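Structure, as structure tokens:
Since every read-out is calculated from the coordinates, none of them should be taken as a lab result. These figures come from a predicted structure and were not determined experimentally. Here Cβ is always computed from backbone atoms with ideal geometry, including for glycine, and neighbour counts include all displayed protein chains.
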């Protein structure tokens with residue numbers, strides 16, 4: 001089952017600028033295996049800390065929905081795919097290396 | 001004829017999956033280990049993808065086993081186009097739900113590593129694929145693509161897991177890889193992971209390409225440690241075991257006419273023995289091809305198929321040349337009685353020519369095979385190789401009771417050694433020599449039967465004349481005997497040379 005965590009709206013207009021762009025993220029996991037469990041914890045933490053109020057995160061279990069594995073060309077798991085902002089980036093692993101996650105998401109240089 | 005070893009009792013515990021690949025099931029006594037993964041190694045262009053694809057397609061068409069082909073390098077359209085020349089209709093098999101192909105692409109530019117991961121995504125995809133068509137055969141071609149973007153240590157442990165997983169899935173799998181990242185000798189991964197390891201080699205020596213297949217490992221089964229040469233042609237792969245051809249040769253006392261009445265006269269009035277080997281040697285342009293085609297003509301006219309292997313002149317040239325002496329080959333080709341094998345000698349080495357010829361023999365089942373000239377094939381390779389190859393080839397033909405005629409061009413005159421003879425003259429049953437001679441101030445040719453095992457042959461030297469009426473062998477009259485003596489002398493010298501070339505021990509007599 002996929003779990004959609006919507007961004008909390010607060011009525012205010014979104015400020016312009018690259019750092020404030022909305023992030024659309026998809027995390028592909030495999031059930032409750034250790035790597036996947038860690039990835040879920042880590043992504044939630046990172047999103048709340050660095051992308052508060054400007055992200056959409058979808059978590060998809062490829063055991064439950066295997067067709068996504070094919071359509072998204074998943075090989076390594078867990079994998080976080082950043083759809084927006086462009087370019088599309090894939091981050092493979094349980095996201096425990098926060099530095100590379102942030103680098104990959106272009107949140108730090 | 002290749003003898004297939006009977007399976008011993010222990011071997012029967014390991015069921016096998018027939019590949020349908022010519023020759024391969026023979027050398028493995030039944031194909032690949034069933035429900036186990038086989039690693040197929042080889043560098044680029046060695047034929048891995050073709051072999052893997054043939055395994056899958058044959059599984060569908062011959063064994064009713066659906067298959068999955070996970071392509072890591074080519075996409076499925078490229079793959080379909082590439083194998084179309086082999087006659088494989090992948091789209092049809094996909095439509096009938098017997099084949100599932102998926103391209104597994106690795107876009108390494110996009111990958112960032114952020115922690116631990118595994119290859120479960122791949123496992124899920126393969127599992128889905130297998131379930132979709134209820135596959136019994138799976139190919140992963142090739143694993144190297146993954147090494148570019150992913151951590152090698154993770155990959156290696158995941159591959160081990162993959163192989164175990166495939167076993168549980170009850171599929172016979174082929175996993176291809178290049179020698180390199182995935183399977184280096186140092187890592188020795190294949191040793192405890194796969195039950196069977198095969199290596200394909202595509203060597204180029206002296207600008208000649210040789211393909212070889214080697215079974216490095218086949219757990220639980222005896223396998224030859226030899227390298228087996230193989231070909232890839234429009235029908236796919238053919239492997240040929242270099243086994244000793246069974247020497248169970250039947251001897252026939254039937255005779256077959258040479259197609260030249262006067263030559264038959266010189267051969268005890270009967271001609272050649274069926275299943276024997278015949279050599280016509282002579283310097284360039286002495287009419288050897290004419291004799292060979294006259295033989296072919298007669299064979300085909302008696303409703304016996306004939307295979308003419310041309311290594312110097314193209315078939316069209318031979319046909320045109322023979323027309324001028326009244327030998328018409330076209331109707332025989334039309335009727336299918338006469339077939340040509342034509343190959344430039346330097347394209348492949350001698351061994352592979354023999355393999356191709358054997359293939360044609362299996363298809364056409366000729367009673368007579370002609371090789372014109374054999375000497376063109378012998379410019380490459382050490383002499384002992386050539387000799388043993390020829391011997392094996394002749395043995396094979398004898399077993400099949402096929403009569404074979406070779407022509408051989410000998411160089412220069414009588415005193416020079418003729419390395420291209422390669423001692424064939426001592427090996428064959430019948431040997432005739434054609435020479436340019438001067439008779440009464442006129443240049444003409446002579447033919448002499450040097451030897452003919454098992455029959456009373458004439459020792460005459462006859463004048464060999466080719467005209468638009470055909471071939472004639474005219475006895476040389478007495479008044480020309482002075483020249484004849486010189487001719488006889490040179491023939492004797494040739495005899496002695498041939499004996500020296502052909503023997504490794506003390507001199508044998510020229511006549512066997």
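Which order do the peptides A:66-77, B:112-123 take when ranked by the mean count of other beta-carbon atoms within 10 Å per residue, highest first?
Working: A:66-77: 19.4, B:112-123: 22.1.
So the peptides A:66-77, B:112-123, ranked by packing, come out B:112-123, A:66-77.
Over the whole of B:125-135, what's the average partner chain Cβ count within 10 Å per residue? Rounded to a whole number, please. Let's see the in-between values first.
On the way: counts 7, 1, 3, 5, 1, 0, 1, 0, 0, 0, 0.
The shielding value for this peptide is 2.
Just subtract the alpha-carbon distance of residue B:64 and residue B:92 from 0.36 nm times their residue separation and send over the number in nm, one decimal.
Numbers: separation 28, 0.36 × 28 = 10.08 nm, distance 1.45 nm.
Taking 0.36 nm per residue and subtracting the Cα distance, the gain is 8.6 nm.
Measure off 7 Å from each Cα along the Cα-to-Cβ vector at residue B:324 and residue B:474, then give the distance between these two points in nanometres to one decimal.
It works out to 2.0 nm between the two label points.
Hey, rough spin-label estimate for residue B:395 and residue B:161, points 7 angstrom out along Cα→Cβ, what's it come to in nanometres?
About 5.2 nm, to one decimal.
Measuring from label point to label point, each 7 Å out along Cα→Cβ, what is the residue B:284 to residue B:219 span in nm?
6.0 nm
Within a 10 angstrom radius of each residue's Cβ in A:64-70, how many Cβ atoms of other chains show up on average? Whole number is fine. Display every interim value, and only then the final one.
Working: counts 0, 1, 6, 2, 2, 9, 7.
Mean inter-chain Cβ contacts per residue within 10 Å come to 4.
Can you give the relative contact order of the range A:22-104 as a percent, counting alpha carbon pairs under 8 Å and 6+ residues apart? Numbers along the way, then the final one.
On the way: 125 pairs, mean separation 34.6, N = 83.
The value is 42 percent.
Rank by packing, highest mean first: peptides B:273-282, B:436-445, with packing defined as the count of other Cβ atoms within 10 Å averaged across residues. Kindly include the intermediate steps, with their values, before the conclusion.
Values: B:273-282: 24.0, B:436-445: 13.6.
The densest-packed peptide leads the list: B:273-282, B:436-445.
How much space per residue, in cubic angstrom, does the convex hull of the C-alpha atoms of the range B:11-239 take up?
Numbers: hull volume 30.4 nm³, N = 229.
Each residue corresponds to 133 Å³ of Cα convex hull volume.
Using 0.36 nm per residue of separation minus the Cα-Cα distance, give me the extension gain between residue B:261 and residue B:209 in nm, one decimal. Mind dumping the intermediate values first?
On the way: separation 52, 0.36 × 52 = 18.72 nm, distance 4.38 nm.
Difference between extended and current length: 14.3 nm.
Would you tell me the mean number of C-beta atoms belonging to other protein chains that fall within 10 Å of each C-beta in A:92-101, as a whole number? Working shown, then result.
Details: counts 14, 10, 5, 4, 3, 5, 2, 1, 4, 3.
That works out to 5 on average.
Sort the following peptides by mean Cβ neighbour count (other Cβ atoms within 10 Å, averaged over residues), highest first: A:80-88, B:133-141.
Numbers: A:80-88: 15.4, B:133-141: 23.2.
So the peptides A:80-88, B:133-141, ranked by packing, come out B:133-141, A:80-88.
If you wrap a convex hull around the C-alpha atoms of the range A:22-104 and split its volume per residue, what is the figure in Å³?
Values: hull volume 6.8 nm³, N = 83.
Taking only Cα atoms, the range A:22-104 has a hull volume of 82 Å³ per residue.
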